[in-house]
1. For A:R104, B:R113, what ranking results if the residue with the fewest other Cβ atoms within 10 Å of its Cβ goes first?
2. Could you give the dipole magnitude of the range B:2-263 about its Cα centre, charging the beta-carbon of Lys and Arg +1 and that of Asp and Glu -1, in debye to the nearest 20?
3. Please report the Cα spread of the range A:162-274 along all three principal axes, rounded to whole Å, starting with the longest.
4. Normalised by the residues of chain A, what does the relative contact order come to in percent, with Cα pairs under 8 Å and at least six apart?
5. Using the crude model of +1 on Lys and Arg Cβ and -1 on Asp and Glu Cβ, and no other charge, please compute the dipole size for the protein assembly as shown relative to its Cα centre, in debye to 20.
6. Can you find, among B:L138, B:A121, B:L148, the residue farthest towards the positive end of the dipole of the range B:2-263? Put +1 on the C-beta of Lys and Arg, -1 on that of Asp and Glu.
7. Rank A:L113, A:A67, A:G134 by how far each Cα sits towards the positive end of the charge dipole of the protein assembly as shown (+1 on Lys, Arg Cβ; -1 on Asp, Glu Cβ) and give me just the farthest.
8. Using a 10 Å cut-off around each Cβ, can you sort A:S100, A:S61, A:S269 from fewest to most neighbouring Cβ atoms?
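What follows draws every value from the coordinates through simple rules; no lab data is involved. Keep in mind that what you see is a predicted model, and the values were worked out from it rather than measured. Because the Cβ atoms are built from the backbone with ideal geometry, glycine has one as well, and the counts that use them run over all protein chains shown.
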Amino acid sequence: MTLYAALGAVEQGLVYGIMVIGVYLTFRILDFPDLTVDGSLPLGASISAVAITSGLNPYLSLLLALAGGFAAGVVTAVLNTKFKILHLLASILTMIALYSINIRIMAGPNIALLGVDTVFDAVTRFGVPAQYAGLVVFGAFAVFVLGFIIWFMGTEIGQAILATGDNPQMIRSLGVNTHVVIILGVGLSNGLVALSGALVAQNQGAADVGMGIGTIVAGLASVIIGETVFGCQTMARAFIAAVLGSVVYRLAIALALGLELGHFRFNPSDLNLITAILVIGALITPNLKKRLIAR
Amino acid sequence: MIKLENIVKYFHKGSVNEVFALNDINLKLDEGDFVTVIGSNGAGKSTLLNCIAGGFFPDSGRIFIGAHDVTGWPEHQRAALIARVFQNPLLGTCPSATIEQNMALASLRGQRRGLARGVKAKDRERFREELKQLGLGLENRLLDKVGLLSGGQRQALTMLMATLVKPEVLLLDEHIAALDPKTAGQILNLTQEIVKGRKLTTLMITHNMKHAIGFGNRLLMLHQGRVLLDLRGKEKENLTVKDLLAHFYQAQGEELAMDSLLLN
């Protein structure tokens, strides 16, 4: 793998790491498997891209994306809590609805961001070389979001979210409306996913309705790899591990795609197979380790 | 003070599985009453407690706690007035949170939660003092996850958490039934101390007749959703397990030959 490819993988790992924080929040903390993310990632990208091409400041467009993602999460969570639709199904419904909505927002399946200012231009203007702009911006955002989520989970509301995922009966009997907590948590999660999508779109210079496919799989893969490699003993550690897991996941994929064995090479279309193998590997490693030690 | 008026509750109403769970229950507990509740399986004991806590709404009747008519209040709203300890020791605490986090969650029962720190430095000293009462050494383990504690330790912690904010009424749903006899005895003594020390109005469900007689100042026997027996004062003090069994079997319309076996 070239240094250039490694740099790109780390960049990707950091920006999708923001998405993985969102996935960790729903999947692990709230115990709410949420597939909305496959729709809210491109939702964030579409909103941001349309806002920028209409002349809005690229940073403000991120806030809009965040709000849009939050709203999508709220829809899923309301369907689940207020109308008793199974969480998986509720999130799939929101996800497919978002496919149409994203095309509506962009007035087409994609939108290019050529010749307009993005969050990266502001950084290059400060003298950061263009090839490192992505790393700087994504790194800064990932650290900021990490700091925020770790702070937030330590607040009274954050603790209520933790308890809602852990023991809803207990936290209700302590006076917390678990419906409101789930709506807030799933909203926040999708807000972060949309933010991640908006940053990706600004980086690659386009938003595309198909860019969200497989988001949840990548998210879960990163969560599991992070837990296996870096551990999750405390809340802060678990979130940091999720972001690092995302970086490791992207690096592993870049490695696999660059692999040459005689005449054999992986195609980009083998990505799903590679992901599946990575996740299986991460899932069975702790088990294998235990058995080897026991011997 | 807590008052139930003509509470009626059916489950699966109108279906073949219809259960008449609570049949016109009228009950008034005075401030500081410690009431033990007994009855066979399906008598409506847990249903009664769940109804008070807001787990579901009665089909008819009204529920008053303190000065409030709480009949239409959802569970989380009633939590401001009610503390509960469940039969399953795993239900009362949050396993992936630490001891101090669990206590902090409970210390906000019924209050608005905001963006302040979940566990505040000034609370820690108080938590430590409270935990010392248990005599389990938990005061030195504030940062341990509750999932690491035993069932008995968790139930003791739950008892303590239930009273961090003084409730109008404390509901104990067979809270020692899942513990080994020694631990159960300890938790029961702790219950007695806490309830008496803080003068809590308490409803305690138990399957153990000796406990039902030995604890509290009032005893309720439920049968098929009705209050069959409501004894207090002298009447309750003079009650024996034998009397209670007599009532019990009279209610069930059956006599077991081996009462003495059950008594041991």
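1. With the sparsest Cβ surroundings first, the list reads A:R104, B:R113.
2. 1040
3. 63, 33, 21
4. Normalised by residue count, the contact order of chain A is 35 percent.
5. My answer is approximately 800 debye.
6. So the residue furthest toward the plus end is B:A121.
7. A:G134
8. Fewest-to-most Cβ neighbours within 10 Å comes out as A:S269, A:S100, A:S61.
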